[in-house]
1. Any chance the stretch 117-124 includes a residue that's under 24 Å from Glu17 (Cα atoms), assigned to a loop (DSSP other than H, G, I, E, B) and not hydroxyl-bearing (Ser, Thr, Tyr)?
2. Determine which single condition Arg127 fails, assuming it passes every other condition in (1) among the charged types (D, E, K, R); (2) surrounded by 13 or more Cβ atoms within 10 Å (Cβ to Cβ); (3) in contact (Cβ under 8 Å) with a residue 12 or more places away in the chain.
3. When you go through Leu65, Leu27 one by one, which is the residue that is at pLDDT 95 or above and within 24 Å of Ser120 (Cα to Cα)?
4. Of the conditions (1) touching a residue at least 60 places away in the same chain (Cβ under 8 Å); (2) of a type in the set (A, V, I, L, M, F, W, C); (3) surrounded by 13 or more Cβ atoms within 10 Å (Cβ to Cβ), Val140 satisfies every one except a single condition; which number is it?
5. Taking the criterion of being surrounded by 14 or more Cβ atoms within 10 Å (Cβ to Cβ), of a type in the set (Ser, Thr, Tyr), in contact with a Gly (Cβ under 9 Å, 6 or more places away or on another chain) and not assigned by TED's automatic domain parsing to the domain that holds Gln105, would at least one residue in the stretch 11-20 satisfy it?
6. When only residues in the stretch 88-116 that are part of a loop (DSSP other than H, G, I, E, B) and within 12 Å of the chain's Cα centre (by Cα) count, which is surrounded by the fewest Cβ atoms within 10 Å (Cβ to Cβ)?
Amino acid sequence: MSKVPMTAVGYARLQEEMKRLKAVDRLEVIKQIADARDHGDISENAEYHAARERQGFIEGRLGELEDKISRAEVIDPATLSGKDVKFGATVTLADEDTDEKTTYQIVGEDEADVKERRLSVTSPLARALIGKKVGDSVEVTTPGGSKMYEITRVKFV
């Protein structure tokens, strides 16, 4: 099985979600199923079917989380250094057309959030950046066409 890279923050979020699903959501759905059964015939009981569907979702998500947590390779960006872009790096890019600068941190798939400037390590932009260093230009194909960026800063926090 392959390792799943993630930061300590991402690992903690997965653990918190798993705890909530086990301690809160799972117990709530069991109660909902029991309450729905008390209403009589379950074959036509929409509340029962909705609760069972929710239970299936919760159990599926728990299995997914347990798998990811067991395969997690927690990487602390603060312990990394160097000039090359790699997992955990915070990279500042300058759009070569507009000179507009943006900063992204390269994180695990479950931690990605473009609004918070966290890119999944598997995203096209992150894949183009990995292995490059300050001063390098990268070309990324976007839905709007091809874009060129220059790496202006790489840091590990």
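1. Of the residues in the stretch 117-124, the ones under 24 Å from Glu17 (Cα atoms) are 117-123.
After this cut, where a residue has to be assigned to a loop (DSSP other than H, G, I, E, B) as well, the list is 117, 121-123.
Then drop every residue that is not not hydroxyl-bearing (Ser, Thr, Tyr), which leaves 117, 121.
Checked the stretch 117-124: at least one residue is under 24 Å from Glu17 (Cα atoms), assigned to a loop (DSSP other than H, G, I, E, B) and not hydroxyl-bearing (Ser, Thr, Tyr).
2. (3)
3. Criteria check complete, one pass: Leu65.
4. Exception for Val140: condition (1).
5. Let us first name the residues in the stretch 11-20 that are surrounded by 14 or more Cβ atoms within 10 Å (Cβ to Cβ), namely 11, 13-14, 17-18.
Keeping just the survivors that are of a type in the set (Ser, Thr, Tyr) gives 11.
If we keep only those that are in contact with a Gly (Cβ under 9 Å, 6 or more places away or on another chain) as well, we get 11.
Remaining after also requiring not assigned by TED's automatic domain parsing to the domain that holds Gln105: 11.
Scanning the stretch 11-20 turns up at least one residue that is surrounded by 14 or more Cβ atoms within 10 Å (Cβ to Cβ), of a type in the set (Ser, Thr, Tyr), in contact with a Gly (Cβ under 9 Å, 6 or more places away or on another chain) and not assigned by TED's automatic domain parsing to the domain that holds Gln105.
6. Let us first name the residues in the stretch 88-116 that are part of a loop (DSSP other than H, G, I, E, B), namely 88-89, 96-100, 108, 112.
Now restrict to residues that are within 12 Å of the chain's Cα centre (by Cα): 108, 112.
Details: Gly108: 25, Ala112: 19.
The selected residue is Ala112.
Residues are listed down the side, and each one gets a yes or a no for (1) within 30 Å of Gly108 (Cβ to Cβ); (2) not in a helix (DSSP H, G or I):
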{"residue": "Pro5", "(1), (2)": "yes, yes"}
{"residue": "Ala12", "(1), (2)": "yes, no"}
{"residue": "Glu16", "(1), (2)": "yes, no"}
{"residue": "Lys19", "(1), (2)": "yes, no"}
{"residue": "Val24", "(1), (2)": "yes, no"}
{"residue": "Glu28", "(1), (2)": "yes, no"}
{"residue": "Gln32", "(1), (2)": "no, no"}
{"residue": "Ala36", "(1), (2)": "no, no"}
{"residue": "Gly40", "(1), (2)": "no, yes"}
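Here's the yes/no breakdown for (1) over 15 Å from Met6 (Cα atoms); (2) among the acidic types (Asp, Glu); (3) modelled with pLDDT of 95 or more:
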position: Asp76; (1), (2), (3): no, yes, no
position: Leu80; (1), (2), (3): no, no, no
position: Asp110; (1), (2), (3): no, yes, no
position: Leu125; (1), (2), (3): yes, no, no
position: Lys147; (1), (2), (3): yes, no, no
position: Lys155; (1), (2), (3): yes, no, no
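The values are calculated or read from the model by the stated rules, or taken from the named source; none is laboratory data. These figures come from a predicted structure and were not determined experimentally. FYI the Cβ positions are ideal-geometry reconstructions off the backbone, even for glycines, and counts take in every protein chain you see.
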